[in-house]
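The values are calculated or read from the model by the stated rules, or taken from the named source; none is laboratory data. The structure displayed is predicted, hence computed values, not measured ones. When we count neighbours, we look across all protein chains shown, and the Cβ atoms used for this are built from the backbone with ideal geometry, even at glycine. To get the accessible areas, we keep the full protein, side chains included, count just its heavy atoms, and leave off ligands, DNA and RNA. Shrake-Rupley method; radii C 1.70, N 1.55, O 1.52, S 1.80 Å.
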Amino acid sequence: MVDPCDSMGARFQGILCSIPLDNSSSRIIAIDLDDVGYDGYLTPSIGNLTELTILSISKNKIRRTIPETIAYLRKLTRLSLADNCLTGTIPTEITLLKNLEYLDISGNRLSGSIPPDISGLRSLTYLSMSNNALTGMIPDLTGLWQLSTLDLSSNQLYGNLPYFPVRLTTLSINRNILTGHISPVKKLKDLSWLDVSYNRLSGVISKDIISLPRLVHLNISNNRFTATEMVSFSGEEIPPLQVLDAENNQLHGHLPANLIKIQNLSTINLAHNQFSGPIPQPYGNKLERSWRILYLENNFLSGNLPPQFITRGQRITGSLARNCLVCPIRIPLCRGGQRPISECLRQNHRSTE
């Protein structure tokens, strides 16, 4: 067998070895073999590479389980096993890798729960376990005080939201079975991207979430939220929000008028809810300026359109279909028609009871 660190042997692309300053042997310190088509598995002998700082073998066909001997790779700063065919549970030994800064095991077939001791990996800045079959509750991760990206999406995690590391800038926990309120997120003042879509979260979307000072992208769609609590924005308090997706919840009442005060907002999706009443006239002014995508279909909105929806409607992507509006079919936003009058009358009766 050829030693990949032997300068006399063949060149091994993707393997980096140390250069000893004395007579000691050269050691493998980095393996970077992403997307090279390897088909196989990690053997327990991986634990012999104790000088390894980088192990990155994503986008291959690596099978079987993550060996427990990975615990011996105490110098690892980057571990990426994403997009393979790994099975079994996440070994608790992974929580012994105290120098890890980057951990990505997404896109596999891993099951079981998230090891609670993972919160001891205090150097982590990036953690992704998305697209697996993980179950159980999200453990307390507040100990990961340097973590900026957390992606646990597309698993089978359940229970209430825990408190999260306060330095997070990206939080993706969409496509799970999470329940309860979204309120723990309001402490994340550095958050710029939040996706909690496709869960079973309920209650009110509080003003503390909408007005997070750095939040740019907010996706709360496909949950069971019933109301949005809007704040009166003024001066420097106006959030930088650009995308608001609240489709397919149980939101009711009038459309939130304060959306027009969020200056950077360009994409709004409030479709498939129970909003009623007229479209606020100021929405028309935003159509002329900053709004580029507006989906309001499948609500119970009524009355005439603001005039800009008729004169400027072709400039925007979206839909007003399946409401109770006076909506000329020649306008692209009105394509798809409105609800039957009987449906509108029934909803109007319910809302006045």
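For the range 49-165, the dipole from Cβ point charges (+1 on Lys and Arg, -1 on Asp and Glu) about the Cα centre works out to 300 debye, to the nearest 20.
What relative contact order, as a whole-number percentage, does the chain give when Cα pairs under 8 Å and 6 or more residues apart are counted?
The normalised contact order for the chain reaches 6 percent.
Residues in the range 256-296, backbone N under 16 Å from the label point at Asn304 (7 Å along the Cα-to-beta-carbon vector): list them, ranges by number please. Backbone N within reach: 278-285.
Here the relative contact order of the range 221-353, from alpha carbon pairs under 8 Å that lie six or more residues apart, stands at 17 percent. Give me the percent of the accessible area of the range 136-257 that comes from carbon and sulfur atoms, probe 1.4 Å, all protein chains in place. Carbon plus sulfur share of accessible area: 46 percent.
Here the range 25-85 has 49 percent of its accessible surface on carbon and sulfur atoms, given a 1.4 Å probe and all protein chains in place.
No disulfide-compatible partner, judged by a Cβ distance under 4.7 Å, exists for the following cysteines of the chain: Cys85. 3J(HN,Hα) along the range 201-208: 5, 9, x, 9, 7, 6, 4, 5 Hz, from the Karplus curve 6.51 cos²θ - 1.76 cosθ + 1.60 with θ = phi - 60°, whole Hz, x for Gly and Pro. Specify which labelled value, from (1) 144; (2) 174; (3) 131, agrees with volume of the Cα convex hull per residue in Å³ derived from the coordinates of the model shown. Matching entry in (1) 144; (2) 174; (3) 131: (2). Can you give me the angle between helix 341-352 and the longest principal axis of the chain, using Cα atoms only, in degrees from 0 to 90, rounded to the nearest 10? For helix 341-352, the angle is close to 80 degrees. Think of each Lys and Arg Cβ as +1 and each Asp and Glu Cβ as -1; about the Cα centre, that makes the dipole of the chain roughly 1220 debye. Please tell me which of these pairs span more than 29 angstrom C-alpha to C-alpha: Lys59/Lys207; Lys187/Lys261; Lys59/Lys187? Correct reply: Lys59/Lys207; Lys59/Lys187. Across q = 0.18, 0.19, 0.27 Å⁻¹, the range 197-269 modelled as identical point scatterers on its alpha-carbon atoms has Debye log10 I(q)/I(0) values of -0.66, -0.74, -1.43, in the order of the q list.
All distinct Cα pairs of the range 278-342 go into the 1/r average, and the inverse of that average, the Kirkwood radius, is 11.6 Å. The residues of the range 109-224 expose on average 39 square angstrom of accessible surface per residue, using a 1.4 Å probe on protein heavy atoms. Length gained on full extension, Asp190 to Tyr38, computed as 0.36 nm times the residue gap minus the Cα-Cα distance: 50.8 nm.
For the range 28-151, the residue among Val36, Thr92, Ser119 whose Cα projects farthest onto the positive side of the dipole built from Cβ charges is Thr92. Segment Ile177..Asp140, full-extension length gain: 11.6 nm, with 0.36 nm per residue of separation and the alpha-carbon distance subtracted.
With R₀ fixed at 35 Å, the C-beta to C-beta distance from Thr50 to Arg109 puts the FRET efficiency at about 0.80. Can you list the residues of the range 254-276 with backbone N under 16 Å from a point 7 Å past the Cα of Arg292, pointing along Cα to Cβ? Once the point is set 7 Å along Cα→Cβ of Arg292, 263-269 turn out to lie under 16 Å by backbone N, inside the range 254-276. What the phi angles of the range 23-36 give under the Karplus curve with 6.51, -1.76 and 1.60, with θ = phi - 60°, is a coupling list of 8, 6, 6, 6, 10, 5, 10, 8, 10, 10, 10, 5, 6, 10 Hz, glycine and proline written as x.
Only one residue of Thr169, Leu296, Ser24 has its Cα farthest out toward the positive end of the dipole of the chain, where Lys and Arg carry +1 and Asp and Glu -1 on Cβ, and that residue is Leu296. Probing with 1.4 Å while keeping every protein chain in the model, the per residue accessible area of the range 229-331 equals 45 Å².
When the C-alpha to C-alpha distance is required to be over 29 Å, the pairs from Lys75/Lys189; Lys98/Lys189; Lys61/Lys186 that qualify are Lys75/Lys189; Lys61/Lys186.
Charged side chains reduced to their Cβ positions (Lys and Arg at +1, Asp and Glu at -1) give the range 249-353 a dipole of some 280 debye around its Cα centre.
Label sites at Arg315 and Val204, each approximated as a point 7 angstrom past Cα along Cα to Cβ, lie 3.6 nm apart.
Stretching the chain fully between Thr87 and Arg330 yields a gain of 82.1 nm (0.36 nm per residue, less the alpha carbon separation). For Ile279, the residues whose amide H sits under 5 Å from its own are Ser302, ignoring neighbours fewer than 5 places away on the same chain, with H placed 1.01 Å from N.
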